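Presented below is the structure to which this report refers.
Please treat every number below as a calculation from the coordinates, not as lab data. For clarity, every value in this text was computed on a predicted model and none was experimentally measured. Glycine also receives a Cβ, built like all others from the backbone with ideal geometry; neighbour counts cover every protein chain displayed.
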Amino acid sequence: MADIVVRSSLIEPGAQPLIEGLVSEYDGRYGAESRPGGARAEIMRYPVELFSPPLGDFLLLQRNGETIAGGAFMSHDDDTAEIKRIWSHPQLRRQGLARSIMLALEDSAASQGYTRTYLTTGFRQPEAVALYISLGYRPLFDLSVNPEYYRSLPFEKNIGARAGQPSQTPIYEPAASFEDATVRIKAIKAEQEAKIISRLEGRGVSAA
């Protein structure tokens, strides 16, 4: 049976392998104490409404009824969708599953009118860095610098009506230390979260 892409959400049973897989991977790589509540709190930090049309989407790749990969995106502004929650089954990697779900998410974002995707990955995930670069994502950080001085590694890609167009977004400067990078990332995330929640509430949906 061919693999199929289905629309879902973080609260549906089909998404549970993705959630548990991400929790295990993130807590295993970074430690459960690396963030308040561990990876599970981070994964569930935003209202599920952010990951459904018309602001976002949540897609699962399924094989024989089993979830083998997935991901989501949410709205930053009218132009930019942030891709999040990318996961593929650890025993099925190197089959192009993450690539397939990324392309499906880009297509969905473009169909909703977004012209830019943005994402971040952690400093201990070199395989994710390689995947995003292979998909045409532009690193917004200096690849020659120790990634610990960024901690969170940002990428962008023009899609839809702007596909293939060059970007003018400046490259972020590295922090002076891992501790300084942590402080900076916390501030950036807090600012982004406030804007994202405000955007959701502007659509008449409560973020509570």
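A compact table of results
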{"read-out": "Every pair of residues 6+ apart whose Cβ atoms lie under 9 Å, when the first sits in segment 10-27 and is without any contact (Cβ under 8 Å) to a residue 24 or more places away in the chain and at negative phi while the second is crowded, with 16+ Cβ neighbours inside 10 Å and of a type in the set (A, V, I, L, M, F, W, C)", "value": "Glu12/Phe58; Glu12/Leu60; Val23/Ala39; Val23/Ile43; Ser24/Ala39; Asp27/Ala39"}
{"read-out": "Test: residue in segment 161-173 that is closer than 18 Å to Ser75 by Cα and of a type in the set (Lys, Arg)", "value": "yes"}
{"read-out": "Residue match in segment 119-127 (condition: hydrophobic (A, V, I, L, M, F, W, C) and within 14 Å of Phe73 (Cα to Cα))", "value": "yes"}
{"read-out": "Residue in segment 100-107 that is over 28 Å from Arg203 (Cα atoms) and not aliphatic (A, V, I, L, M) present", "value": "yes"}
{"read-out": "Single match in Leu50, Leu22, Leu60 (criterion: under 20 Å from Phe123 (Cβ atoms) and not in a loop (DSSP other than H, G, I, E, B))", "value": "Leu22"}
{"read-out": "Qualifying residue in segment 184-191 (condition: farther than 27 Å from Pro53 by Cα and either buried (at least 18 other Cβ atoms within 10 Å of the Cβ) or in contact with a Lys or Arg (Cβ under 9 Å, 6 or more places away or on another chain) (or both))", "value": "yes"}
{"read-out": "Selection count where residues are assigned to a loop (DSSP other than H, G, I, E, B) and either surrounded by 15 or more Cβ atoms within 10 Å (Cβ to Cβ) or in contact with a helix residue (DSSP H, G or I) (Cβ under 6 Å, 6 or more places away or on another chain) (or both), scope segment 4-19", "value": "4"}
{"read-out": "Tally of residues being assigned to a loop (DSSP other than H, G, I, E, B) and loosely packed, with under 13 Cβ neighbours inside 10 Å across segment 25-44", "value": "4"}
{"read-out": "Filter result (farther than 12 Å from Asp57 by Cα and not in a strand (DSSP E or B)) within segment 81-101", "value": "His89, Pro90, Gln91, Leu92, Arg93, Arg94, Gln95, Gly96, Leu97, Ala98, Arg99, Ser100"}
{"read-out": "Selection status of Val183, among the aliphatic types (A, V, I, L, M) and closer than 28 Å to Ser24 by Cβ", "value": "yes"}
{"read-out": "Residues (within 15 Å of Tyr149 (Cβ to Cβ) and within 16 Å of the chain's Cα centre (by Cα)) located in segment 182-198", "value": "Ile185, Ile188"}
{"read-out": "Single residue of segment 111-130 satisfying the filter (touching a strand residue (DSSP E or B) at 6+ places or on another chain (Cβ under 9 Å) and under 22 Å from Pro166 (Cβ atoms)) that is surrounded by the fewest Cβ atoms within 10 Å (Cβ to Cβ)", "value": "Thr115"}
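Rundown of residues vs (1) in contact with a strand residue (DSSP E or B) (Cβ under 7 Å, 6 or more places away or on another chain); (2) surrounded by 11 or more Cβ atoms within 10 Å (Cβ to Cβ); (3) not acidic (Asp, Glu), yes/no style:
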site: Tyr132; (1), (2), (3): yes, yes, yes
site: Arg138; (1), (2), (3): yes, yes, yes
site: Tyr149; (1), (2), (3): no, yes, yes
site: Phe155; (1), (2), (3): yes, yes, yes
site: Asn158; (1), (2), (3): yes, yes, yes
site: Arg162; (1), (2), (3): yes, yes, yes
site: Gln168; (1), (2), (3): no, no, yes
site: Ile171; (1), (2), (3): no, yes, yes
